[in-house]
Amino acid sequence: MDVIVASKNAKFLPSHVQLFNAPWDLGIRKAKQILFENRFIDADEALDLGLVSEVTEDGDHYEAAFAQAQRFAENSLLTLRMLKHSINSAQDAMGYRQHIEASHSNYMMMHMAQEISQADAGIADRQLSGVADALRKEEDG
């Protein structure tokens, strides 16, 4: 996702799942803090952290995203493609692609181990580990 527009009521739960980009999106120390706390991030904090590009009033995010897309479309398609390519190349030079591939492999192994464990215990719930804990904290908080 190149640009993220979030509604004011949106919540985000960085976790060790398929696309483990929290260290890249949040920075190493903040990613550790939030991941170790296993907590949701509200839209305003996500904006402060740079996780989202814009926060809108509830229900206005589609219009905001469309307005942003219109502003992008005012630029040369070649310029936009070159900017995206250059930014993605910079990420790759810093190891982003290798990190994402390794994280996805770790996620798949973790997911398979969880499924095997749940099957052995006769548990039908397929909720990712950590999600239930974060939801409980949200309800208690």
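The table that follows gives values for the structure above.
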| item | result |
| --- | --- |
| Search result, residues across region 40-58 that are assigned to a loop (DSSP other than H, G, I, E, B) and surrounded by fewer than 18 Cβ atoms within 10 Å (Cβ to Cβ) | G50, S53, E57, D58 |
| When residues of region 69-91 are limited to those that are among the charged types (D, E, K, R) and more than 22 Å from W24 (Cβ to Cβ), the one nearest to the chain's Cα centre (by Cα) | R71 |
| Hits in region 90-100 (condition: surrounded by 10 or more Cβ atoms within 10 Å (Cβ to Cβ) and out of contact with any Leu (no Cβ under 9 Å at 6 or more places or on another chain)) | A90, Q91, D92, M94, G95, Y96, R97, Q98, H99 |
| Every residue from region 1-39 that is part of a helix (DSSP H, G or I) and closer than 20 Å to R97 by Cβ | A22, P23, W24, D25, L26, I28, A31 |
| D133 being surrounded by 11 or more Cβ atoms within 10 Å (Cβ to Cβ), at pLDDT 95 or above and part of a helix (DSSP H, G or I) | no |
| Flag for I87 being surrounded by 11 or more Cβ atoms within 10 Å (Cβ to Cβ), among the β-branched types (V, I, T) and touching a Leu at 6+ places or on another chain (Cβ under 9 Å) | no |
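The values are calculated or read from the model by the stated rules, or taken from the named source; none is laboratory data. Everything numeric in this text was worked out from a predicted model, so none of it was measured. We place every Cβ from the backbone using ideal geometry, glycine too, and count neighbours over all the protein chains shown.
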